[in-house]
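Novice: A single structure is presented below for examination.
The values are calculated or read from the model by the stated rules, or taken from the named source; none is laboratory data. On a predicted model such as this, the values are computed, not experimentally measured, just so you know. Cβ placement follows ideal geometry from the backbone for every residue including glycine, while neighbour counts extend to all protein chains displayed.
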Ligand code: DGL
């Protein structure tokens, strides 16, 4: 079987994609991983789709320049806005992430499922198609959550601000009998303890990161691109903004210190 030691590129608007990164790190320990936090342009949840497309292309070009053999769009908003364009433009395997509506509909007992995501994700055509495909066998309540990803971006996982926002966003869902919540934004898994506390222990919370890591493994295997089992997996982290805050937040959410490099200048502009 052939092997490939080139890195896998992973990106998000900021630190949220680290919920996907940590799963990939755990499942594929021999791979070299590059993570780009587009913190200089976060959040994506309220930006024009064309802006997100241009940022996704610029970051992918940077990752390709670093020798990436595959790209993971660890952002629901960027997947919805840009993955089709990235796949048109670049020929390497590109794995995205979308809200886990299908598993949620299969899991619910009450027949009512809640989706938490950014405004851009829930307004996208891709989301409408997903809802149309899998949302028929349950009542699916869609809740955009402006401001919530920013709490995570600033490292506030348990404070008054995320608590107030989540109380507001969860109330209508819980009132309708939601027993399964889909985390449709990669920032939200870092809020699971708070969400579980507010929603109660009976509510199931679905994080699609394991499915993304499995899909990445399948794509690498199919293309003969997996690293050798004897290889030591490395990692590098990049940001497009000032590095002090994301360095602190990444330390907090990953539970270990990392060195954050600055994305080279040509990849900062919106293109
Ligand atoms: N983490 C991103 C997502 O999965 C977007 C958060 C944002 O930048 O608004 O949708």
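Novice: Condition check: more than 18 Å from residue 124 (Cβ to Cβ), in contact (Cβ under 8 Å) with a residue 40 or more places away in the chain and assigned to a helix (DSSP H, G or I). Does residue 71 satisfy that?
Specialist: no
Novice: Looking only at strands (runs of 3 or more DSSP E) that lie completely in the stretch 154-269, which have at least 2 residues being under 29 Å from residue 142 (Cα atoms)?
Specialist: The qualifying strands (runs of 3 or more DSSP E) are 180-183, 204-206.
Novice: In addition: Please work out which one of (1) part of a helix (DSSP H, G or I); (2) buried (at least 24 other Cβ atoms within 10 Å of the Cβ) is the condition residue 61 fails and give its number.
Specialist: (2)
Novice: Take the residues in the stretch 18-33 that are away from the ligand (no atom under 13 Å from the Cβ), part of a helix (DSSP H, G or I) and crowded, with 18+ Cβ neighbours inside 10 Å; name whichever of them is farthest from the chain's Cα centre (by Cα).
Specialist: Here the answer is 25.
Novice: For the stretch 112-126, does any single residue satisfy the condition of being part of a loop (DSSP other than H, G, I, E, B), in contact with a strand residue (DSSP E or B) (Cβ under 8 Å, 6 or more places away or on another chain) and more than 10 Å from the ligand (Cβ to nearest atom)?
Specialist: Applying the first criterion (part of a loop (DSSP other than H, G, I, E, B)) to the stretch 112-126 yields 118, 124.
With the extra rule that they be in contact with a strand residue (DSSP E or B) (Cβ under 8 Å, 6 or more places away or on another chain), the set shrinks to 118.
Of the ones still in play, those that are also more than 10 Å from the ligand (Cβ to nearest atom) are none.
No; the residues of the stretch 112-126 include none that is part of a loop (DSSP other than H, G, I, E, B), in contact with a strand residue (DSSP E or B) (Cβ under 8 Å, 6 or more places away or on another chain) and more than 10 Å from the ligand (Cβ to nearest atom).
Novice: While we're on this one: I'd like the full set of residues that are part of a strand (DSSP E or B) and within 19 Å of residue 52 (Cβ to Cβ), limited to the stretch 6-17.
Specialist: Scanning the stretch 6-17 gives 9, 10, 11, 12.
Novice: Additional query: Given 103, 99, which one is assigned to a helix (DSSP H, G or I) and either within 16 Å of the ligand (Cβ to nearest atom) or surrounded by fewer than 24 Cβ atoms within 10 Å (Cβ to Cβ) (or both)?
Specialist: The match here is 103.
Novice: Within the stretch 78-86, is even one residue within 16 Å of the ligand (Cβ to nearest atom), crowded, with 24+ Cβ neighbours inside 10 Å, closer than 17 Å to residue 122 by Cα and at pLDDT below 95?
Specialist: For the stretch 78-86, residues within 16 Å of the ligand (Cβ to nearest atom), crowded, with 24+ Cβ neighbours inside 10 Å, closer than 17 Å to residue 122 by Cα and at pLDDT below 95: absent.
Novice: What are the residues in the stretch 175-212 that are touching a strand residue (DSSP E or B) at 6+ places or on another chain (Cβ under 9 Å) and more than 16 Å from the ligand (Cβ to nearest atom), if any?
Specialist: The answer is 176, 177, 178, 179, 180, 196, 199, 203, 204.
Novice: Additional query: Going through 15, 36 one at a time, which residue ends up being in contact (Cβ under 8 Å) with a residue 40 or more places away in the chain, crowded, with 24+ Cβ neighbours inside 10 Å and more than 9 Å from the ligand (Cβ to nearest atom)?
Specialist: Just one listed residue meets the conditions, 36.
Novice: Can you find a residue in the stretch 88-95 that is within 16 Å of the ligand (Cβ to nearest atom) and in contact (Cβ under 8 Å) with a residue 24 or more places away in the chain?
Specialist: yes
Novice: If you go through the stretch 227-260 one residue at a time, how many are under 19 Å from residue 28 (Cα atoms), touching a residue at least 40 places away in the same chain (Cβ under 8 Å) and over 17 Å from the mean Cα position of the chain (by Cα)?
Specialist: Of the residues in the stretch 227-260, 10 are under 19 Å from residue 28 (Cα atoms), touching a residue at least 40 places away in the same chain (Cβ under 8 Å) and over 17 Å from the mean Cα position of the chain (by Cα).
Novice: Also, I was wondering about something else. Hey, among 250, 195, which residue is surrounded by 16 or more Cβ atoms within 10 Å (Cβ to Cβ) and more than 27 Å from residue 7 (Cβ to Cβ)?
Specialist: After applying the criteria, what remains is 195.
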